[in-house]
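Take a look at the structure below.
The values are calculated or read from the model by the stated rules, or taken from the named source; none is laboratory data. Since the structure is predicted, the reported quantities are computational estimates derived from the model, not experimental observations. Because the Cβ atoms are built from the backbone with ideal geometry, glycine has one as well, and the counts that use them run over all protein chains shown.
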Amino acid sequence: MWHAQSGSRDSAIKVFQRALKALPDSEMLKYAYAELEESHGAAQAAKKVYESLLGDGSNATALSHIQFIRFLRRTEGVEAARRYFLDARKSPNCTYHVYVAYAMMAFCLDKDAKLAHNIFEAGLKRFMHEPSYILEYADFLCRLNDDRNTRALFERALSSLPPDESVEVWKSFVQFEQMYGDLSSMLKVEQRRKEALTQTGENGESTSESSLQDVVSRYSFLDLRPCSSKDYDHLARQEWLSRNVNKKVQSSVPANGAGSADQSISGIPNNSNISGKVVHPDVSRMVTHGPRQQPGPHVSVLSGASTLPNGTTPDSGGTTSAINDVLKVLPPSLATFVANLPAVEGIY
């Protein structure tokens, strides 16, 4: 790129060629190389770079299809771009992005709204399950001022999408009605959205919070809102918390009934699952804790009524022998650690 910016095209080409030998699969390098050739009027050389990127088409990415269509539209015209799109849509790697890109190219550059509409409709047969494609198509219809077909598109999509994949489509539908619909249609769509998304956990907030969110959503425009920034942030946090807590609760509920659900939510295990072999402490071997019984840097002596773990009774008059007996029953590593502890000063 430095050679290209310095005006030395030949040197830049040589660098690109060496780089592509080292990184033959780098799309970024090929786009940069093709751009260099195209910027100097070498359209055919740039086309060869694009063709090397596409190969036989079986492994070509959706992005490479889109960029080649744009290149053909710039260098060879509308018809060349159209012919390649017809071939690209047959590729197994052709995604909805290719349809959207070519449709918007036809709409914005060629000023052919009918062709763009036909492309979107053709893609809908193939990508009805893609929420992002639905949103792009709806945005296109809004640009055409076609509110009737926009509503029809939302209805068609929502009737086929599963609830967990329809969240963004419902959101866009509600926003469309809030912007362009009357109050009745607005309220109906909001209510339908709540009912449809209840099982997904996307509508977990309380009734009062939900109502406030709806009011703010209805009467906002761009970055203008009918509440303070502090109130808006509070509502946004509550919505996020409610949604995520609801999702966690649902994910922790097993499929074997409400009793198990209560157990998972509360975190309290079911008594029927607890083993009957419960180990109880021997209360008779416990001694009263007296931190001021022994002055100085000595370890408090166990009471005469108690015994060491090895069954021996410590000598109440000999602190050292008691310590030694304790150290004998400890694991070697722990005994070494205890023996090396510094003496404690003062009364404890």
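In segment 169-176, is there at least one residue being under 29 Å from HIS65 (Cβ atoms), of a type outside the set (Ser, Thr, Tyr) and modelled with pLDDT of 95 or more?
Among the residues of segment 169-176, at least one is under 29 Å from HIS65 (Cβ atoms), of a type outside the set (Ser, Thr, Tyr) and modelled with pLDDT of 95 or more, which makes the answer yes.
Condition test on LEU53, is it crowded, with 18+ Cβ neighbours inside 10 Å, in a helix (DSSP H, G or I) and touching a Ser or Thr at 6+ places or on another chain (Cβ under 7 Å)?
yes
Which is under 27 Å from VAL167 (Cβ atoms) and among the hydrophobic types (A, V, I, L, M, F, W, C), of PHE68, PHE127, PHE107?
On the way: PHE68 fails: under 27 Å from VAL167 (Cβ atoms); PHE107 fails: under 27 Å from VAL167 (Cβ atoms).
Sole residue among the options that is under 27 Å from VAL167 (Cβ atoms) and among the hydrophobic types (A, V, I, L, M, F, W, C): PHE127.
Being modelled with pLDDT of 95 or more, closer than 25 Å to GLN213 by Cα and not charged (D, E, K, R): is that true of LEU153 here?
On the way: modelled with pLDDT of 95 or more: yes; closer than 25 Å to GLN213 by Cα: no; not charged (D, E, K, R): yes.
The answer is no for LEU153.
Output yes when any residue across segment 69-79 is in a helix (DSSP H, G or I), touching a His at 6+ places or on another chain (Cβ under 6 Å) and among the aliphatic types (A, V, I, L, M), and no when none is.
For segment 69-79, residues in a helix (DSSP H, G or I), touching a His at 6+ places or on another chain (Cβ under 6 Å) and among the aliphatic types (A, V, I, L, M): absent.
Count, please, the residues in segment 196-222 that happen to be of a type outside the set (D, E, K, R), under 19 Å from ASP233 (Cβ atoms) and at pLDDT below 65. Step through it out loud before you land on a result.
Step one: of segment 196-222, the residues of a type outside the set (D, E, K, R) are 196-201, 203-204, 206-208, 210-213, 215-217, 219-222.
Then drop every residue that is not under 19 Å from ASP233 (Cβ atoms), which leaves 204, 206, 208, 210-213, 215-217, 219-222.
Those left that are additionally at pLDDT below 65: 204, 206, 208.
Result for segment 196-222: 3.
Would you list the helices (runs of 4 or more DSSP H) that sit entirely within segment 102-177 and hold 1 or more residues that are in contact (Cβ under 8 Å) with a residue 40 or more places away in the chain?
Numbers: elements: 113-127, 131-143, 147-160.
Answer list for segment 102-177: 131-143.
Only one of PHE68, PHE85, PHE16 is more than 30 Å from ASP139 (Cα to Cα) and among the aromatic types (Phe, Trp, Tyr); which?
None of the others qualify; the one that does is PHE16.
Do we have any residue at all in segment 27-43 that's in a loop (DSSP other than H, G, I, E, B) and either in contact with a Cys (Cβ under 7 Å, 6 or more places away or on another chain) or charged (D, E, K, R) (or both)?
No: zero hits.
For residues that are at pLDDT below 70 and surrounded by fewer than 12 Cβ atoms within 10 Å (Cβ to Cβ), scanning just segment 317-340, find the one that is farthest from MET286 (Cα to Cα). It would help to see each step written out before you state the result.
The initial filter retains those residues of segment 317-340 that are at pLDDT below 70, namely 317-320.
Checking which are surrounded by fewer than 12 Cβ atoms within 10 Å (Cβ to Cβ) leaves us with 317, 320.
Values: GLY317: 20, THR320: 22 Å.
Out of the qualifying residues, it is THR320.
Hey, PHE16 hits all of (1) out of contact with any Leu (no Cβ under 7 Å at 6 or more places or on another chain); (2) surrounded by 14 or more Cβ atoms within 10 Å (Cβ to Cβ) but one; which does it fall short on?
Unmet for PHE16, out of (1) out of contact with any Leu (no Cβ under 7 Å at 6 or more places or on another chain); (2) surrounded by 14 or more Cβ atoms within 10 Å (Cβ to Cβ): (1).
Go through (1) under 21 Å from PHE107 (Cβ atoms); (2) crowded, with 19+ Cβ neighbours inside 10 Å; (3) not aromatic (Phe, Trp, Tyr) one by one and return the number of the condition ASP146 breaks.
For ASP146, the exception is condition (2).
The conditions are (1) surrounded by fewer than 16 Cβ atoms within 10 Å (Cβ to Cβ); (2) at pLDDT below 95; (3) within 28 Å of the chain's Cα centre (by Cα), and THR61 fails exactly one of them. Which is it?
(1)
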